[in-house]
Amino acid sequence: MLAGLLLVIALLVVGARLTWSWIDPLGDQTIDRSGPALLRSVQNLSRFEAATGEFQVIVDLEKDAKFLPDAIKGSRTLFVGAGSVDAYVDFSGLPKDALTVSPDRKAVTVRLPHAELEKPNLDNKRSYVFAQERGIFDRISDVLSSSPQNQQELYVLAERKIGDAAAASDLRSRADQNTKAMMEGMLKSLGFTSVTIKYTGEP
């Protein structure tokens, strides 16, 4: 009888929990009302993605009030921004004389533009606020604001710094080398024994 009584009590407790979780008025419910993605345009790609650089920067953003101490009004945020930059060669604007073939069709000369850098692509999963200090007024403002701690400025600064780092690196030079190797391999597979790659501006 005791075992049966304990079994009944256990069933009642489990049933009560399941019932409460089902009708819980304080529980959160997520409903995705987003519409379907719309295809706005389709463009033919005519470029070679030659290299990708991975970058990480630390954004140290400080905002001070002129006549108030930082403990009252001001903020300082350390933001870790991680992202990538692609280097590509655009073939869409090649002139008709970009490819010159010898009469015996054994040698070919190709003129290519130098590689360009794509816009930095910040990785939201690997970018985060590392540390943050705020004054009393800033904390109160965040509590009253409908969108506290707006991080858009941090992301913009991180993208700009990553773009500057990519421009100062050898990413474009590496992309030029990769494009040259790709073109040489492709043309030699077509039967050319001599392949010369020149870039815009070279004699």
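Pull out all pairs, ordered by first then second residue, where Cβ-Cβ is under 9 Å, the residues are six or more apart or on different chains, the first lies in segment 168-196 and is at positive phi, and the second is exposed (fewer than 13 other Cβ atoms within 10 Å of the Cβ).
Filtered contacts from segment 168-196: Gly191/Arg105; Gly191/Lys106.
Counting only residues that are surrounded by 14 or more Cβ atoms within 10 Å (Cβ to Cβ) and hydrophobic (A, V, I, L, M, F, W, C), how many does segment 156-169 have? Write out each step before concluding.
Residues of segment 156-169 surrounded by 14 or more Cβ atoms within 10 Å (Cβ to Cβ): 157-163, 165-166, 169.
Still in the list and also hydrophobic (A, V, I, L, M, F, W, C): 157-158, 162, 165-166.
Final tally of qualifying residues: 5.
Provide a single number: the residues in segment 170-203 that are within 12 Å of Ala107 (Cβ to Cβ) and open to solvent by less than 60 Å² (accessible area, probe 1.4 Å). I'd like the intermediate steps shown before the answer.
Here is the first cut: in segment 170-203, the ones within 12 Å of Ala107 (Cβ to Cβ) are 187-188, 191-196.
So of that shortlist, the ones also open to solvent by less than 60 Å² (accessible area, probe 1.4 Å) come out as 187, 191-192, 194-196.
Final tally of qualifying residues: 6.
Applying the selection to segment 96-123, what residues are in contact with a strand residue (DSSP E or B) (Cβ under 9 Å, 6 or more places away or on another chain), open to solvent by 80 Å² or more (accessible area, probe 1.4 Å) and not in a strand (DSSP E or B)?
Answer for segment 96-123, where residues must be in contact with a strand residue (DSSP E or B) (Cβ under 9 Å, 6 or more places away or on another chain), open to solvent by 80 Å² or more (accessible area, probe 1.4 Å) and not in a strand (DSSP E or B): Asp97, Lys106, His114, Lys119.
The values are calculated or read from the model by the stated rules, or taken from the named source; none is laboratory data. Because the structure is predicted, anything quoted here is derived from the model rather than measured. Neighbour counts run over all protein chains shown; Cβ positions are idealised from the backbone, glycine included. Just so you know, the surface numbers come from the protein's heavy atoms only, side chains and all, with ligands and any DNA or RNA stripped out. Shrake-Rupley method; radii C 1.70, N 1.55, O 1.52, S 1.80 Å.
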